[in-house]
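Any read-out appearing in this document is the output of simple, stated calculations on the displayed coordinates, not a laboratory observation. As the structure is a computational prediction, the values presented were derived from the model and not from experiment. Don't worry about glycine lacking a Cβ; one is built from the backbone with ideal geometry, like all the others, and counts go over all protein chains shown.
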Amino acid sequence: KMIITPKHYAVALYETLAEAPQSRRDAIINNLVLLLAKNHDLNKIKDIENEFLKYDKSKNAVFIETARPLKTQLKKEIMAMLGKKTDNLEIKINNKIIGGFRLTFNDILIDNTFQGKIKKLTKKITDF
């Protein structure tokens, strides 16, 4: 028997709800409850909820990896450009980054690091 984790249920629910019209959402949730009952997984509801919230946060968050802390004004400008709330911004200081930043949001990666630029240039040269 395949074991379905709370994370599997949560991601499937999230993606299904994201694509469904508002009028179908109650039916989708009811179907999930029926599936949980059929699979004897009703005891996972709280964990599914937690995983759903974590997944939602990761889908709506903006992650920035940089060598130095960003100034408050720059953070606000980045979030405004992306149309995001500033409380969904996570910044990681990475000493391996020489310069620039790496930004991730909505499954999009923008690598504007010095190392990333060198890698792109090297690929262009070797592909030429």
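Okay, here's what the table says:
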quantity: Hull volume in cubic angstrom per residue (convex hull over the Cα atoms of the chain); calculated: 188 Å³
quantity: Debye intensity ratio I(q)/I(0), log10, segment 32-72, q values 0.28, 0.31, 0.33 Å⁻¹ (C-alpha model); calculated: -0.92, -0.97, -1.02
quantity: Student exercise, the chain dipole from Lys, Arg, Asp, Glu Cβ charges, in Debye to nearest 20; calculated: 560 debye
quantity: Of Lys71/Lys92; Lys92/Lys117; Lys57/Lys92; Lys59/Lys96, pairs whose Cα-Cα distance is over 23 Å; calculated: Lys59/Lys96
quantity: Descending principal axes extents, segment 72-128, alpha-carbon based, whole Å; calculated: 42, 23, 17
quantity: Alpha carbon centroid spacing (whole Å) that separates segment 86-114 from segment 11-48; calculated: 33 Å
quantity: Most positive-pole-ward Cα, Ala80, Pro6, Leu17, against dipole of the chain from beta carbon charges; calculated: Ala80
quantity: Residue-averaged 222 nm ellipticity for the chain, from DSSP H runs of 4+ at -39500 (n - 2.57), nearest 500; calculated: -17500 deg cm²/dmol
quantity: DSSP beta bridges in the chain [antiparallel fraction, %, rounded to 5]; calculated: 65 percent
quantity: Sequence ranges 108-118, 2-12, ranked by mean other-Cβ count within 10 angstrom, highest first; calculated: 2-12, 108-118
